[in-house]
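Data first, discussion second: the structure below is written as structure tokens.
The values are calculated or read from the model by the stated rules, or taken from the named source; none is laboratory data. These figures come from a predicted structure and were not determined experimentally. Cβ coordinates were reconstructed from backbone atoms using ideal geometry, including for glycine residues, and neighbour counts include every protein chain displayed. Ligands, DNA and RNA are stripped out before the accessible areas are found, and what is left, the full protein with its side chains, is counted by its heavy atoms. Shrake-Rupley method; radii C 1.70, N 1.55, O 1.52, S 1.80 Å.
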Amino acid sequence: GDTITVADLAQKLALKGGEVVKALFKMGVMATITQSIDHDTAVLVTEELGHRAVRASEDSAEDALLAHVEEARGDKQSRPPVVTIMGHVDHGKTSLLDYIRRTKVATGEAGGITQHIGAYHVETDKGVISFLDTPGHAAFSSMRARGARLTDIVVLVVAADDGVKPQTIEAVQHARAANVPLVVAINKIDKADADPTRVKTELMAQEVVAEEFGGDVQFVELSAKTGQNIDALLDAISLQAEVLELSAVVEGRATGVVIESALDKGRGPVATVLVQQGTLEKGDYLVCGVQYGRVRALFDETGSQVDKATPSIPVQVLGLSGVPDAGDDFVVVDDERLAKDVAQQRDAKRRESRLVAQAGNRMEDILAQM
Ligand code: GTP
Ligand code: MG
């Protein structure tokens, strides 16, 4: 039957060759890392090392994962919009996000000081809105890479005293390419030299046309400094969301994406994720990029523990084996074994491609020295 070298097996298991040699030795099999072992021995030693042997196809665990995600899904229900703020340097993106966070995030049991996590949600009388606190461009690159939509609506911030600038135009182009609608926030209207009409005219040249000029883009004139008209912006976002008829499956295992992650000294790996489908609950097993784990605790943006998170709601997850990358997908699975297998297989693959890349580099070094 099939054979595999000890070195190849070690690589697939993301272990050092010596560890596999040692495990084989314990089983009474003498082999060096360059020698081949047969299929049955490979399965035995794999299980001896605490992994589950996965047959033939390299992607079988991924396939099982996909099947897992597809099954047991309920009906779609409406979900809140996920909003990203974009705009030119210094036009007030951070100020706007901070103002909304400071004044609109419901303060939790932790005492009201909101932590700076990469996303938050607000409850308005017109519904919930989630804001991603990532540079707009990053959210879009991640969307492009995943071919999935992370943002439903872009709030384009344009300073009324500065007008349309290169990054304003770039943001318009990003949103248009991704087919994401804009709501324009004309900011800094508290300033003496604010000229909102100029902004509207300049944006018209980019084919972003305000309703009052016969277009379909909502414009809100506001100040992130004084808070004037921020509520009108939230209303405009809710209205835009209604038009989009956003929906997601709420019942069932969650899937979503990592917005940011870090290694916390006391709490271990911490990932802020955005749930996109299903409900993420405390105690769930999940695969997250090349990491896996069981959700030990969930926190909202105020630092309060929550039991679950539904679609479009960002939440901090504790309990992962390691720190995932921003942009990684996560999937809840029923079975810890499957979670671990998928994560390890992905990790092995990643190492493999890194080794190939390194070998390539070394080859180039050698050639350069010749
Ligand atoms: P970058 O992240 O550097 O691209 O900038 P930003 O778009 O996040 O702008 P930021 O919120 O940092 O604001 C830039 C400057 O404009 C800061 O000094 C703010 O205090 C000021 N600012 C923001 N919004 C307003 C506003 O509505 N009115 C006035 N007067 N100043 C504002
Ligand atoms: Mg900023």
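Before moving on, here are some points about what is shown:
- Of the residues making up region 148-179, those that are modelled with pLDDT under 95, part of a loop (DSSP other than H, G, I, E, B) and open to solvent by 10 Å² or more (accessible area, probe 1.4 Å) are Ala148, Arg149, Leu150, Ala178, Asn179.
- Sole exception among (1) open to solvent by 10 Å² or more (accessible area, probe 1.4 Å); (2) β-branched (Val, Ile, Thr); (3) within 19 Å of Arg79 (Cα to Cα) for Val323, by number: (3)
- Residue check for Val295: assigned to a strand (DSSP E or B) and at pLDDT below 95: no
- Residues that are within 16 Å of ligand 1 (Cβ to nearest atom) and either at positive phi or in contact with a helix residue (DSSP H, G or I) (Cβ under 6 Å, 6 or more places away or on another chain) (or both) are absent from region 197-209.
- Looking across region 181-204, the residues that are in contact (Cβ under 8 Å) with a residue 40 or more places away in the chain and outside any helix (DSSP H, G or I) come down to Pro181, Val183, Ala185, Asn187, Lys188, Ile189.
- Condition check for Val21: out of contact with any Leu (no Cβ under 9 Å at 6 or more places or on another chain), open to solvent by 30 Å² or more (accessible area, probe 1.4 Å), in a helix (DSSP H, G or I) and modelled with pLDDT under 85: no
- Looking only at region 1-42, and only at residues there that are charged (D, E, K, R) and touching a helix residue (DSSP H, G or I) at 6+ places or on another chain (Cβ under 6 Å), the one that is farthest from Arg351 (Cα to Cα): Asp2
- The residue of region 86-102 that is farthest from Ala178 (Cα to Cα), among those that are of a type in the set (D, E, K, R) and within 11 Å of ligand 2 (Cβ to nearest atom), is Asp98.
- The residues of region 233-252 that are in contact with a strand residue (DSSP E or B) (Cβ under 9 Å, 6 or more places away or on another chain) and open to solvent by 40 Å² or more (accessible area, probe 1.4 Å), listed by number, are Asp235, Leu239, Glu242, Leu244, Glu245, Ser247, Glu251.
- Across region 89-99, the number of residues qualifying as part of a loop (DSSP other than H, G, I, E, B) and either surrounded by 23 or more Cβ atoms within 10 Å (Cβ to Cβ) or more than 7 Å from ligand 1 (Cβ to nearest atom) (or both) comes to 2.
- Flag if Thr134 is of a type in the set (Ser, Thr, Tyr) and either within 16 Å of ligand 2 (Cβ to nearest atom) or at pLDDT 95 or above (or both): yes
- Residues satisfying the stated conditions in region 206-232, i.e. part of a loop (DSSP other than H, G, I, E, B) and buried (at least 20 other Cβ atoms within 10 Å of the Cβ): Val208, Leu222, Ser223, Ala224
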